[in-house]
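S.K.: Pasting a structure below so you can have a look.
The values are calculated or read from the model by the stated rules, or taken from the named source; none is laboratory data. Since the model is a prediction, treat every value here as computed from it, not as a measurement. Cβ sites come from the backbone with ideal geometry, for glycine too, and all protein chains shown count toward neighbours.
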């Protein structure tokens with residue numbers, strides 16, 4: 001018990017890493033396949049920000065706004081099994097448009113670090129490479145949906161298929 005208390009006190013008094021303050025006002029996206037560890041690493045970074053009082057905003061895709069959450073329900077619900085890749089892409093972009101306007105841009109204007117679990121790269125992978133939509137179609141819609149907002153950094157996680165399958169519950173959602 002004493003060790004846990006010592007570690008907690010030590011974490012509170014430890015100086016923040018030198019690079020952490022440089023993240024203020026930046027937009028960082030974590031990308032990768034399900035089960036690659038991106039959400040785990042994003043949680044570790046948000047905990048570090050909390051420990052050292054760096055203002056941040058964590059957003060999720062799709063979702064993060066009332067309209068985005070309604071779109072998320074349509075996209076991820078198992079009843080919608082016959083949706084085309086183009087419809088999926090447009091719904092993701094509609095949710096993203098709301099997220100950029102209502103959450104991402106205002107947080108950046110407040111000089112907060114914005115951390116996103118997915119962004120346009122996921123649409124390029126899932127609806128583009130996997131779904132067959134042309135890259136230029138996706139990028140054209142993304143420019144409109146995001147009003148040109150782009151991450152300062154995209155961190156891509158990779159994992160082999162067997163390791164990812166061991167980490168996931170196959171019944172999570174239709175995607």
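S.K.: Taking the condition more than 23 Å from residue 96 (Cβ to Cβ) and at pLDDT 95 or above, does residue 44 pass?
M.R.: yes
S.K.: Same structure, new question: Given the options 148, 132, name the one that is surrounded by fewer than 20 Cβ atoms within 10 Å (Cβ to Cβ), modelled with pLDDT of 95 or more and not in a helix (DSSP H, G or I).
M.R.: Criteria check complete, one pass: 132.
S.K.: Go over the candidates 34, 53 one by one and state the one that is part of a loop (DSSP other than H, G, I, E, B), under 26 Å from residue 153 (Cβ atoms) and at pLDDT below 95.
M.R.: From the options 34, 53, the qualifying one is 34.
S.K.: Can you name the number of the only condition in (1) in contact with a helix residue (DSSP H, G or I) (Cβ under 9 Å, 6 or more places away or on another chain); (2) within 17 Å of residue 142 (Cβ to Cβ); (3) part of a helix (DSSP H, G or I) that residue 59 fails?
M.R.: (3)
S.K.: Residues that are modelled with pLDDT of 90 or more and loosely packed, with under 15 Cβ neighbours inside 10 Å: does segment 57-66 have at least one?
M.R.: Yes.
S.K.: Within segment 62-79, can you find the residues that are touching a helix residue (DSSP H, G or I) at 6+ places or on another chain (Cβ under 6 Å) and over 14 Å from residue 117 (Cβ atoms)?
M.R.: Across segment 62-79, the qualifying residues are 65, 67, 71, 75.
S.K.: Right, something else. Mind checking which residues of segment 73-115 are within 11 Å of residue 62 (Cβ to Cβ) and either without any contact (Cβ under 8 Å) to a residue 12 or more places away in the chain or not in a helix (DSSP H, G or I) (or both)?
M.R.: 73
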